[in-house]
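I have placed the structure first, in the form of structure tokens, so that the comments after it can refer back to it.
The values are calculated or read from the model by the stated rules, or taken from the named source; none is laboratory data. These figures come from a predicted structure and were not determined experimentally. Every residue, glycine as well, gets a Cβ built from its backbone with ideal geometry; the counts of neighbours run over all protein chains shown.
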Amino acid sequence: MTFSDLGLSPKVLSAVTDAGYTQPTPIQAGAIPHALLGKDILGIAQTGTGKTASFVLPMLTRLEKGRARARMPRTLILEPTRELAAQVEENFIRYGKNHKLNIALLIGGVSFDEQDKKLERGADVLIATPGRLLDHRERGKLLLNGVEILVIDEADRMLDMGFIPDIERICEMIPFTRQTLFFSATMPPEITKLTEKFLHAPVRVEVSKAASTATSIIQRLVKSGSKPWDKRETLRNLMKAEDAELKNAIIFCNRKVEVSELFRSLLKYDFDAGALHGDMDQRARMQMLANFRDGKLRYLVASDVAARGLDIPDVSHVFNYDVPIHAEDYVHRIGRTGRAGRSGKSFTIATKSDTKYIDAIERLIGNKIEWHDGDLSTVVASEGEDEAPRRGRGAPRRAGRKDDDRKEKGERKPRERHAKPSEAAPQEAAHDEQPVAAEATVADIGERRARKEAIRSENTERKASDRNEQRTPERGDSRPQRDSNRPARHRQEDNDATVGFGDDMPAFMRIVAKV
């Protein structure tokens, strides 16, 4: 079977021929004829089998008739990640070069103004991530009443990323008479319920068992110690051992912080590596992917943002630095290699704590994965790693020159603390004597202090008598009474006696002003 047998328009067939394709893949051969007839489709196929072209080509054929109106796109394609959305846009540009279609891409990390301008011109094809699409809808810049074809791509990834409530909201905004094309590599129960709700008598196109892996990929498990430096050393040894056959490789980590740490570690050991994760700026992410596709980077350390649908056909190896927590993610990760009939290799580094995740993966794919060089029972943690971990909470402090300096400083501090009062005493005495004339004696100072004490006691007695009078106010007195139940802090302020200068006039007040 060739593409000319599928019923595509001459313009589309010409673009496909120019792209170098002659025979459709099984998912394309099964989905395109039904899509051209306007039927709903549920497509299930493992990653790397050409699902994108199976909805792009029939959409281009159907869009040759009609015209888009401002802010009312004719078709809508929902993707879970920015990279996938940008990749679908590239497919429309490649296969739609003979068409004059307006394509709008709504993804995060890009200015709203530029996207609004494209919507105002009228979009024949709208490609979006759910969050940014709803943002434009709430701002009143987008109407979904004219959508004729809806595509939900990588539905299982949508589920993992928590987009299913957004998908349900979007589907309710689109006309009931639309055509829906639904594609996924796996079919968990939640996705099955979604298809039953939004697809109408769909044609099921399943070219492989759900959650299966390509037979062209050699899969191996690699034992490792549980410490980070053990896993990093294991990975480096694998990369060196595969160097002769390795063209390029994607290294997957479970967390963004591990992506950054492993990336820095590989640079330290002179590996030509780049990093890709969701917290990066969109421009940096696209540039990193472009460098990897063009061969400027040999290794790409990535989170699962790179595990779904990215079309990089020449990836020879995939290294799972972490065993994926969700078994379905394993299928998508290793699907980055062995694409379009090519062979590939995947190595998954496993520790003793990963046993339950490995069992879940083997149950999902229905096969046992071979161990590369012995199972986990033979694990021996490495020693003497020059990549010492950072000291965290609860970790012992390393002995060294800085600690010795701290101890020496700690011993000197008590001596300095005891010495301060003796050094400060003459200063305090000088401060007390400063307001007094130079001929003042010790007896004069004692007499002044006695007068201050007398004034303080007199003020205290006067305030006490005032409080007693306030407790028994005269009839008709409208002044508020004090609350005797106030906190002790406030009662102490009432007992405070303010001491003024009294008969003692400071020396600075005796200075005669110059006329």
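Taken over the range 6-51, residues that are over 38 Å from the mean Cα position of the chain (by Cα) and of a type in the set (F, W, Y) amount to 0.
Determine, yes or no, whether L289 is surrounded by 14 or more Cβ atoms within 10 Å (Cβ to Cβ), in contact with a Phe, Trp or Tyr (Cβ under 9 Å, 6 or more places away or on another chain) and of a type outside the set (D, E, K, R). Walk me through it before giving the result.
Numbers: surrounded by 14 or more Cβ atoms within 10 Å (Cβ to Cβ): yes; in contact with a Phe, Trp or Tyr (Cβ under 9 Å, 6 or more places away or on another chain): no; of a type outside the set (D, E, K, R): yes.
Judged against the criteria, L289 is not a match.
The numbered conditions (1) on the phi < 0 side of the Ramachandran plot; (2) modelled with pLDDT of 90 or more are all true for G38 except (1). L63 satisfies every condition listed in (1) modelled with pLDDT under 90; (2) closer than 26 Å to H136 by Cβ except (1).
Looking at the range 89-110, which of the residues that are closer than 14 Å to L133 by Cα and of a type in the set (A, V, I, L, M, F, W, C) is surrounded by the most Cβ atoms within 10 Å (Cβ to Cβ)? So that I can check it myself, show each step before the final result.
The first filter runs over the range 89-110 and keeps only residues closer than 14 Å to L133 by Cα, leaving 104-110.
Remaining after also requiring of a type in the set (A, V, I, L, M, F, W, C): 104-107, 110.
Details: A104: 24, L105: 23, L106: 28, I107: 21, V110: 15.
Once the filter is applied, the top-ranked residue is L106.
Taken together, the criteria place G30 among residues that are small (G, A, S), crowded, with 17+ Cβ neighbours inside 10 Å, more than 26 Å from E172 (Cβ to Cβ) and touching a residue at least 12 places away in the same chain (Cβ under 8 Å). The number of residues in the range 165-198 being in a loop (DSSP other than H, G, I, E, B), polar (S, T, N, Q) and crowded, with 19+ Cβ neighbours inside 10 Å comes to 1. Within the range 99-147, being part of a helix (DSSP H, G or I) and closer than 20 Å to D166 by Cβ holds for F112, Q115, L119, P130, G131, R132, L133, L134, D135, H136, R137, E138. Of R204, R255, all but one fail to be charged (D, E, K, R) and more than 26 Å from the chain's Cα centre (by Cα); the exception is R204. One residue alone among V257, V205 is modelled with pLDDT of 85 or more, surrounded by fewer than 17 Cβ atoms within 10 Å (Cβ to Cβ) and on the phi < 0 side of the Ramachandran plot, and that residue is V257.
Let's see how each residue does on (1) touching a helix residue (DSSP H, G or I) at 6+ places or on another chain (Cβ under 9 Å); (2) surrounded by 18 or more Cβ atoms within 10 Å (Cβ to Cβ):
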| residue | (1), (2) |
| --- | --- |
| P324 | yes, yes |
| E328 | yes, yes |
| R339 | no, yes |
| S343 | no, no |
| T355 | yes, no |
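The condition of being of a type in the set (D, E, K, R), in contact with a Lys or Arg (Cβ under 8 Å, 6 or more places away or on another chain) and under 19 Å from V331 (Cβ atoms) holds for only one of D153, D116, that being D153. Is it the case that some residue within the range 33-46 is surrounded by fewer than 19 Cβ atoms within 10 Å (Cβ to Cβ), free of Cβ contacts under 8 Å to residues at least 40 places away in the same chain and not in a loop (DSSP other than H, G, I, E, B)? Checked the range 33-46: at least one residue is surrounded by fewer than 19 Cβ atoms within 10 Å (Cβ to Cβ), free of Cβ contacts under 8 Å to residues at least 40 places away in the same chain and not in a loop (DSSP other than H, G, I, E, B).
Candidates in the range 364-405 are the residues that are surrounded by 11 or more Cβ atoms within 10 Å (Cβ to Cβ) and at pLDDT 90 or above; of these, the one that is farthest from I334 (Cα to Cα) is W371.
Test A70 against the criterion of being touching an Asp or Glu at 6+ places or on another chain (Cβ under 6 Å) and either modelled with pLDDT under 90 or outside the structural domain of E90 (by TED's automatic domain parsing) (or both), and give yes or no. Working first, answer last.
Working: touching an Asp or Glu at 6+ places or on another chain (Cβ under 6 Å): yes; either modelled with pLDDT under 90 or outside the structural domain of E90 (by TED's automatic domain parsing) (or both): yes.
Answer is yes for this residue.
Yes or no: E89 free of Cβ contacts under 8 Å to residues at least 60 places away in the same chain and within 25 Å of L159 (Cα to Cα)? Judged against the criteria, E89 is a match.
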